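Novice: Sharing a structure below in structure tokens format, with a few things to ask.
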Amino acid sequence: MKNQKGLILIYPGFQNEAKLYQYNRMIEEFNKLGMAIEKLKVDEIITMVEKGNSNLHIEQYDFCIQLVKDKYINALLEKSNIRSFNTYTAIENCDDKMMAYTLLAGNHIKMPTTICGNRNTGVEKIEDTTLNDKFKNYIEEKLGYPLIAKKSDSKGGRDIYKIENRIELNEICEKLKGSQYLFQKYVSENIGKDIRVPVVGGKVIGAFLRENANDFRSNISTGGKAVPYSITEEHKRIAEKVAQILKLDYCSVDFFLTDNKEPLLCEVNADPALRSMEKILNQNVAEIFAKYVIDEIKNK
């Protein structure tokens, strides 16, 4: 087998501590396993089509770890036969929460009732439109109060709203009308708590309970705390099934903490924070991921 080399693709500019930790730890573990890998910023890549052919100038790489979401670079990576972890399509489907729920539907995975809230497609002047009363009435009847509204691409607990009444529903509809967003039934069990289940290479590697005593959102970024947690075999089975359906090499699957202990899907994250996972689980997650990638590359 020829010498192989990997690429970690990152955004230009400021990198916060979590991102620095993530790609430095990955580089460290790949190097320990004898695999050369280096980081490259997206603005260091020339993306072009020339004389009818794609031109990316990174043919020396055999695989790419995706820490960005650039559809043009990713399309040309595929054309260059460079395997991505995760693929752009998998990341895009996962980052769009409504799309993720839609793709997972029909696979015996329990999820809260969710209604797409983007009703302005094709309207030139969004500021002149409002959701009609008939649709708002339907949301109230179907979901009841309180209910949740969130942007379809919300991350880290941002752009998530708990709505208590029609006045607040009107306000949030007005606020989000220029975005893709959704409405979801509020899960009142164990408010501020959920279970995060990391999956690498199709296998669950552990789980932890996130809890926020001061907010309905459990995210660590909103003040939540996390501790290791023992999950059921059914949680493991569903988490691995979710990763398989969404074709994710590396992800976390979040479940609501239900009283009956049955798995109820909250959402899926295509790029969970490596630093917090390694710290909370006391595991070398970067090594587990690197070994999986190398095995995949060797067997392709």
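The values are calculated or read from the model by the stated rules, or taken from the named source; none is laboratory data. Computed from a predicted structure; not experimentally measured. Heads up, the Cβs are rebuilt from the backbone with ideal geometry, glycines too, and the neighbour counts pull from every protein chain shown.
Novice: Going by the structure shown, is ILE73 over 22 Å from SER252 (Cα atoms) and assigned to a helix (DSSP H, G or I)?
Specialist: yes
Novice: Now for a separate question. Evaluate the following for ASN260: is it of a type in the set (S, T, N, Q), within 19 Å of VAL200 (Cβ to Cβ) and out of contact with any Pro (no Cβ under 8 Å at 6 or more places or on another chain)?
Specialist: no
Novice: Hey, another quick one. Checking PRO272 against (1) touching a Ser or Thr at 6+ places or on another chain (Cβ under 6 Å); (2) farther than 30 Å from GLN4 by Cα: exactly one of these is not met. Which one?
Specialist: (2)
Novice: Also, I was wondering about something else. Which condition number does ILE172 fail, the rest of (1) touching a Phe, Trp or Tyr at 6+ places or on another chain (Cβ under 7 Å); (2) buried (at least 18 other Cβ atoms within 10 Å of the Cβ); (3) among the aliphatic types (A, V, I, L, M); (4) closer than 27 Å to ALA90 by Cβ being met?
Specialist: (4) is the only condition that ILE172 fails.
Novice: Moving on to the next point. Looking only at the range 170-206, count how many residues are under 23 Å from LYS142 (Cα atoms), of a type in the set (A, V, I, L, M) and either at pLDDT 95 or above or touching a helix residue (DSSP H, G or I) at 6+ places or on another chain (Cβ under 6 Å) (or both).
Specialist: Of the residues in the range 170-206, 1 are under 23 Å from LYS142 (Cα atoms), of a type in the set (A, V, I, L, M) and either at pLDDT 95 or above or touching a helix residue (DSSP H, G or I) at 6+ places or on another chain (Cβ under 6 Å) (or both).
Novice: Next up: Looking at LEU143, LEU76, LEU131, LEU103, which one is at pLDDT 90 or above and not assigned by TED's automatic domain parsing to the domain that holds PHE216?
Specialist: Residue meeting the stated conditions: LEU143.
Novice: Okay, moving on. Go through the range 268-300 and give me each residue that's charged (D, E, K, R) and surrounded by 20 or more Cβ atoms within 10 Å (Cβ to Cβ).
Specialist: Scanning the range 268-300 gives a single hit, ASP271.
Novice: I need the full set of residues from the range 153-179 which are touching a residue at least 40 places away in the same chain (Cβ under 8 Å), touching a strand residue (DSSP E or B) at 6+ places or on another chain (Cβ under 7 Å) and either assigned to a loop (DSSP other than H, G, I, E, B) or at positive phi (or both), in order please.
Specialist: Passing the criteria: SER154, SER179.
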